[in-house]
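Note sheet for the following structure.
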Amino acid sequence: AAAASSSSSSTPAAASAAAAPLPPFHLLLGSKSATRRLILSEMSLAFAIADPAIDEKAVRAASPAELVAKLAHAKADAVLAAPPAALSSGDEGEADGMVAASANAAALGGDGVAGEGAVRRLLLTSDQVVVFDGVVLEKPEDAEEAREYLRGYGR
């Protein structure tokens, strides 16, 4: 395996790709999750936030893995369709120029391909679900439903 690895990295294309620095990019978090904001902040990444504002309960799927993928795609679609005013900076401070420029598909490059010298933009959306005894548990609607979930875990 080591020989295969060395021979593939010794090609001129592989060597130049490995040595070339990545161009800068602006990160847009398409999520309301405080945990995701915290993770990106702890990684010292600058980012803007866009609330995807989707009805998560309207998205259904046969499996938990398919459900989270569909939710993430729905959030991306919603963020790409949102007006620039829907954004805020990741540090809850004033929005920078990146925030105003990253809101929709046109600002993201339309087809997702940045031109020569353009700053690339990366939209990050994701989701997670809790599965207990083979059943996906939705976000509790209220405190009573949350208590019901917790009682169910103890059985």
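The values are calculated or read from the model by the stated rules, or taken from the named source; none is laboratory data. This structure is a prediction, so every number in the text was calculated from the model and none was measured. Glycine also receives a Cβ, built like all others from the backbone with ideal geometry; neighbour counts cover every protein chain displayed. Remember, those area values only see protein heavy atoms, side chains included, never the ligands or the DNA or RNA. Shrake-Rupley method; radii C 1.70, N 1.55, O 1.52, S 1.80 Å.
Can you name the residue in the stretch 36-67 that is of a type in the set (Asp, Glu) and assigned to a helix (DSSP H, G or I) and, of all such residues, is nearest to VAL131 (Cα to Cα)?
In this case the residue turns out to be GLU66.
Please find, within the stretch 91-150, the residue that is surrounded by the most Cβ atoms within 10 Å (Cβ to Cβ) out of those that are assigned to a helix (DSSP H, G or I) and at pLDDT below 75.
VAL99
Give the residues of the stretch 72-85 that are over 11 Å from the mean Cα position of the chain (by Cα) and either open to solvent by 70 Å² or more (accessible area, probe 1.4 Å) or under 20 Å from PRO140 (Cβ atoms) (or both), sorted by residue number.
Matches in the stretch 72-85: ASP77, ALA81, PRO83, ALA85.
In the stretch 68-87, what residues are modelled with pLDDT under 85 and either assigned to a helix (DSSP H, G or I) or closer than 16 Å to SER33 by Cβ (or both)?
Across the stretch 68-87, the qualifying residues are PRO84, ALA85, ALA86, LEU87.
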